[in-house]
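Peer 1: My structure is below; once you've seen it, I'll send some questions.
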Amino acid sequence: QNDSVPPSKVMDLAISGTGPSNIGLTWTSPGGSDTVGVAAFYDLRYSTSAIDSSNFHLAKKTLAPSPLPYGGPQSVIAGDLTPLTQYYLAVKAVDFLGQESFVSNIANTSTTDAPQISFSRDSIMASMDIPDSALFILSVGNTGNYPLTFEIQNAFVERPTGSTAGYQQDHRRFDGNK
């Protein structure tokens, strides 16, 4: 491996998916010295403004995967983003001597809308004696355009002091659209 040659430029940075707070990216590993070996790390950045070689350093850094040898498939999810926002993303490969590749091609997309959660009640509360039971229905809805995923578990059930009476909790998971 020739240590005087920086990594080659990532040429195929692409969007693999979007969510309300994240963007998935894929690319092919460029190698550590031109197209040979393994880079030391990636410098992956994003901005709400277009990125080029003159402003790459001003874009916000995000986590990147460990580099694979030349030609390996790389993927990552950039997170902590804002819903319904246009983002521009770019990456540089850096070798073990700190030599950087040129800025990759620029990938851009918008994050999606977040779920808009609605409930049929603000709260549910009951006071009863054992062995009484009660059934409460709580409707959870989504008026947004992004799928709503939620889980309800470990409902708070208070037992009288010293009681050994049993109780049942219902555990449900929902994945999907409106």
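The values are calculated or read from the model by the stated rules, or taken from the named source; none is laboratory data. Source: prediction; values computed, not measured. Using ideal geometry, Cβ is built from the backbone for each residue, glycine included, and neighbour counts are taken over all protein chains shown. Protein only, heavy atoms only, side chains kept; ligands, DNA and RNA dropped before computing areas. Shrake-Rupley method; radii C 1.70, N 1.55, O 1.52, S 1.80 Å.
Peer 1: Out of (1) part of a loop (DSSP other than H, G, I, E, B); (2) open to solvent by less than 10 Å² (accessible area, probe 1.4 Å), the odd one out for LEU25 is which?
Peer 2: Tallying (1) part of a loop (DSSP other than H, G, I, E, B); (2) open to solvent by less than 10 Å² (accessible area, probe 1.4 Å), LEU25 fails exactly one: (1).
Quick grid of which residues meet (1) at negative phi; (2) at pLDDT below 70; (3) assigned to a loop (DSSP other than H, G, I, E, B):
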residue	(1), (2), (3)
TYR88	yes, no, no
ALA114	yes, no, yes
MET128	yes, yes, yes
LEU138	yes, yes, yes
TYR146	yes, no, yes
PHE150	yes, yes, no
PHE156	yes, yes, yes
THR161	yes, yes, yes
ASP175	yes, yes, no
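Peer 1: Give the residue that is modelled with the lowest pLDDT, with candidates limited to residues of segment 1-22 that are within 11 Å of SER101 (Cβ to Cβ) and open to solvent by 40 Å² or more (accessible area, probe 1.4 Å).
Peer 2: Restricting to residues being within 11 Å of SER101 (Cβ to Cβ) and open to solvent by 40 Å² or more (accessible area, probe 1.4 Å), the top hit is VAL5.
Peer 1: Looking only at segment 62-76, decide whether some residue is touching a Pro at 6+ places or on another chain (Cβ under 7 Å) and open to solvent by 80 Å² or more (accessible area, probe 1.4 Å).
Peer 2: Yes.
Peer 1: Could you tell me which residue of segment 28-56 is farthest from THR109 (Cα to Cα), considering only residues that are crowded, with 21+ Cβ neighbours inside 10 Å and polar (S, T, N, Q)?
Peer 2: In this case the residue turns out to be SER33.
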